[in-house]
Amino acid sequence: MLRWIMHVDMDAFFASVEQLDNPSLKGLPVIVGGLSGRGVVSTCSYEARKFGVHSAMPMHMAKRLCPQGIYIQGRMHRYKEISDGIMEIFRSFSPLVEQLSVDEAFLDVTGMEGLYPDVVALGKAVKNKVYEQTGLHASVGIAPNKFLAKLASDLEKPDGLVLIKHETAAAFIAPMPVRKIFGIGKSAEAMLLQYGINTIGKIAAADISILQKVFGINAQAVHNLACGIDNRPVINETEAKSIGKEHTYDKDLYEEADLKKAVRDLCGETGWRLRKRKLIGYTVTLKVKFSSFKTITRSITSELPVAYDEEIYALALKLMQQVRFSEGVRLLGVSISHLESEDAAPVLNFNENEKIKKRNMAVDFLKNKFGESIIKRG
Ligand code: TTP
Ligand code: MG
């Protein structure tokens, strides 16, 4: 059956909320993030992007690029509050809503366009309602599937609305660079270039045997995406499922090296549990309980699905940078949520981490056989 999938993503979300709560900041380069020494940029307003500032950039670098910027410490609970309201609005348009992160979701709106002049009018109605009820702008992509809808919502940001039609989808994406495909990174891009493949259209036209050399067992999945085909359903997440592991330490941890090693071990145990259930996840959460029993959690959502220890650890490290370790740590926890079946993900980080995959498989084999305490990364 032909579907209509909508992807909605808020524009410069955290920064827009700051401008909403303090209208004198409208039109100014607003940068939101951690303001401590090792802080990074969470996001910035489009005015600040002109200076080259972007998400995940160290704060000190942003300050160099944009000294006149207005720097604001993030207020997660406020963003979460607004996010909840936005998700509620989405649910008023469709019963099938899959929240991807704090500011984006997929809506399966198949059939609902019948209530409007056309599906674009439905997209406009969603944007308008979000704006009326929150004062914030969203960008919308409407397409036959998740892959195309997400790609579309990004094309005319901010305040964008892009429709990709069923009949023209393949032709529409054909001239785009290969990196637009979920999961194609720098090294896959370089390998493809060796075969003269530099656009999505050329992947679609390529011999599957060539794609196998680059993508291994994921060749068919990549080929499908390049042809505009993606059958993943929109999954209504009614319960917040997560998998993880936490540990209370005999002695409080103080040293950075000890903390990192502990987090790394927890990532290994989380990854193993995830892979045992044949799942992948998008959001990694780090929990820290300090000597004073003060407890905090920090989360990060990855664009790509993660399943391997190293991928989980890389995200957990980013989260560690957002935490001020000013006292001892009693407990650490790592968990992963926004889970999907391994098969539901279009492609994992393939290629880039063929080696990582083999290493994880070897570790899993031993853990499955002898129990999870048998092996920890050196
Ligand atoms: P995004 O939707 O990726 O970014 P954005 O909404 O700020 O900007 P736009 O969509 O218009 O390009 O992420 C949503 C929020 O998630 C963002 O406002 C801040 C947070 N975030 C981080 O904290 N760290 C990150 O590295 C990224 C990418 C986002
Ligand atoms: Mg956004």
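In the range 140-168, what residues are of a type in the set (Gly, Ala, Ser) and either in a helix (DSSP H, G or I) or closer than 17 Å to Thr110 by Cα (or both)?
So the first thing to find is which residues in the range 140-168 are of a type in the set (Gly, Ala, Ser), and the list is 141, 143, 149, 152-153, 160.
Passing the criteria: Gly141, Ala143, Ala149, Ala152, Ser153.
Close contacts from the range 211-235, counting a first residue that is on the phi > 0 side of the Ramachandran plot and a second that is of a type in the set (Gly, Ala, Ser), with Cβ to Cβ under 6 Å and a gap of 6+ residues or different chains, come to Gly228/Ala169; Gly228/Ala170. Being part of a helix (DSSP H, G or I) and away from ligand 1 (no atom under 16 Å from the Cβ) is a property that does not hold for Lys80.
When the range 1-38 is examined, which residues are found to be within 15 Å of Cys66 (Cβ to Cβ) and either away from ligand 2 (no atom under 16 Å from the Cβ) or assigned to a strand (DSSP E or B) (or both)? Once the filter is applied, which keeps residues that are within 15 Å of Cys66 (Cβ to Cβ) and either away from ligand 2 (no atom under 16 Å from the Cβ) or assigned to a strand (DSSP E or B) (or both), the range 1-38 yields Leu25, Gly27, Leu28, Pro29, Val30, Ile31, Val32, Gly33, Leu35. Within the range 59-77, the set of residues being outside any loop (DSSP other than H, G, I, E, B), modelled with pLDDT of 90 or more and surrounded by fewer than 18 Cβ atoms within 10 Å (Cβ to Cβ) comprises His60, Met61, Lys63, Arg64, Leu65, Gln73.
All of Val40, Val120 fail the test of being surrounded by fewer than 19 Cβ atoms within 10 Å (Cβ to Cβ) and either at pLDDT 95 or above or within 30 Å of Leu148 (Cβ to Cβ) (or both), apart from Val120.
If you go through the range 293-302 and pick out every residue that is touching a Gly at 6+ places or on another chain (Cβ under 9 Å) and either aliphatic (A, V, I, L, M) or surrounded by fewer than 19 Cβ atoms within 10 Å (Cβ to Cβ) (or both), you end up with 1.
The set of residues in the range 131-165 that are away from ligand 1 (no atom under 15 Å from the Cβ), in contact with a Phe, Trp or Tyr (Cβ under 9 Å, 6 or more places away or on another chain) and over 19 Å from Pro175 (Cβ atoms) comprises Ile142, Lys146. Residue check: Phe13 meets all listed conditions (1) touching a residue at least 24 places away in the same chain (Cβ under 8 Å); (2) within 9 Å of ligand 1 (Cβ to nearest atom); (3) more than 30 Å from Glu113 (Cβ to Cβ) but one, namely (3).
The values are calculated or read from the model by the stated rules, or taken from the named source; none is laboratory data. Owing to the predicted nature of the structure, the values given are computational and were not obtained by experimental measurement. Here Cβ is always computed from backbone atoms with ideal geometry, including for glycine, and neighbour counts include all displayed protein chains.
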